[in-house]
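The values are calculated or read from the model by the stated rules, or taken from the named source; none is laboratory data. Here the structure is a predicted model, which is why all the values come from computation and not from measurement. Note that we place each Cβ from the backbone using ideal geometry, even for glycine, and neighbour counts take in every protein chain shown. For accessibility, only protein heavy atoms count, side chains too; no ligands or nucleic acids. Shrake-Rupley method; radii C 1.70, N 1.55, O 1.52, S 1.80 Å.
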Amino acid sequence: MLTSTSSPSKRLRELFSRARLVLLDFDGPVCDLFAQRSAPEIARRLCERIGPDGLRRAGIDAGVTDPLRVLIATHRADPGDESGLVLAVRKLLAEEETLAAAGAVPTPGAVPLMERLVTAGKLLGVASNNCADAIRTHLVLHGLIGYFSDPGRPGDGHRIVGRHDDPEMMKPHPYALEALLKATGTTPGDGLMIGDSPNDALAAAEAGVRFIGVHPDAAKRAALRDAGAEHLVDSVRELLAAAP
C-alpha cells in the first residue's frame, strides 16, 4: 500500500530516480534493533541507573518503555550535567544499543534494497537517533558497512550519523540529515529519506529532503501521514519493485 497523489509505483520510481543520496533511519528500515534486547528492558536499566531521586527530578515515570525518552528527560532536567548523570545515562544507553545491535534482525527486504540502490550508483547514508557504534556494529556483522563508506575508505562507515551528544539535536531536528547532505555534497532536492516515525518525516521536511514513510502498522502510517508524509508503504519489500 502506498499513498500519493499520483500512480504509487510510478511516483516511487520517480523518487528513487531523482535521488543521488538515499538516507535510511536505522531501527525499522534497516533492522529491528530491539528484537533480542527489548527497548522496555533497556529503559528499565536506565531508570535503575538514574535512581528514584533522578527520576523525580526528571519527571520520569519508572514504567517508561522508551529509552530515548529517559535520555531526553534526564538531559532537560540537568542540561549542564552538573551531577554527571546525563553522561552516565548516555554512556549506558550507547552500550545497551550496541549490545542490541549484535542480535538485531535485518528488516526483510532491507539488504536487497541496499544492494539494488548501490548497484544503481546511489549513495547510502544512515541518519539515526541511535548511537553510531550500534549502527556500525550491525552493518559490520552483516557485511554492509561498505555500502555506507567512501570508495577510498571501504570500511569506515563514513556516511553514518548517529545520535548527537545533545539530545535536542536528535530528529525531528534535521542535524543528521543536513550533516550527510553536506558530507556528500548533495543538495536537499537530490536527497531521499526512508523512515518509520513522525520524527523522521519532520526532520526530512525541515532539511528539504523528500520522504517515504514505511511501517506495517496502519495506525503508525496514519501518524506518519499526520506528520506530513505523502508517500507511505507498509514494508521495505514494497520499495524493491520501485528501486532502480
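Here's a check for you: in the range 199-211, which residue that is in contact (Cβ under 8 Å) with a residue 24 or more places away in the chain and open to solvent by 50 Å² or more (accessible area, probe 1.4 Å) is farthest from residue 68 (Cα to Cα)?
So the residue we want is 210.
Which members of the range 71-104 meet the condition of being open to solvent by 20 Å² or more (accessible area, probe 1.4 Å), in contact with a helix residue (DSSP H, G or I) (Cβ under 9 Å, 6 or more places away or on another chain) and under 30 Å from residue 143 (Cβ atoms)?
90, 92, 94, 95, 98, 99, 102
Residues are listed down the side, and each one gets a yes or a no for (1) in a loop (DSSP other than H, G, I, E, B); (2) at negative phi; (3) at pLDDT 95 or above:
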site: 171; (1), (2), (3): yes, yes, yes
site: 206; (1), (2), (3): no, yes, yes
site: 213; (1), (2), (3): no, yes, yes
site: 244; (1), (2), (3): yes, yes, no
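Go through the range 22-45 residue by residue and tally those that are of a type in the set (A, V, I, L, M) and either in a loop (DSSP other than H, G, I, E, B) or over 24 Å from residue 179 (Cα atoms) (or both).
Selection size over the range 22-45: 6.
Of the residues in the range 130-151, how many are in contact with a helix residue (DSSP H, G or I) (Cβ under 6 Å, 6 or more places away or on another chain) and of a type in the set (S, T, N, Q)?
2
Is the range 70-85 home to any residue that is within 25 Å of residue 219 (Cα to Cα) and either touching a residue at least 24 places away in the same chain (Cβ under 8 Å) or under 19 Å from the mean Cα position of the chain (by Cα) (or both)?
Checking the range 70-85: at least one residue is within 25 Å of residue 219 (Cα to Cα) and either touching a residue at least 24 places away in the same chain (Cβ under 8 Å) or under 19 Å from the mean Cα position of the chain (by Cα) (or both).
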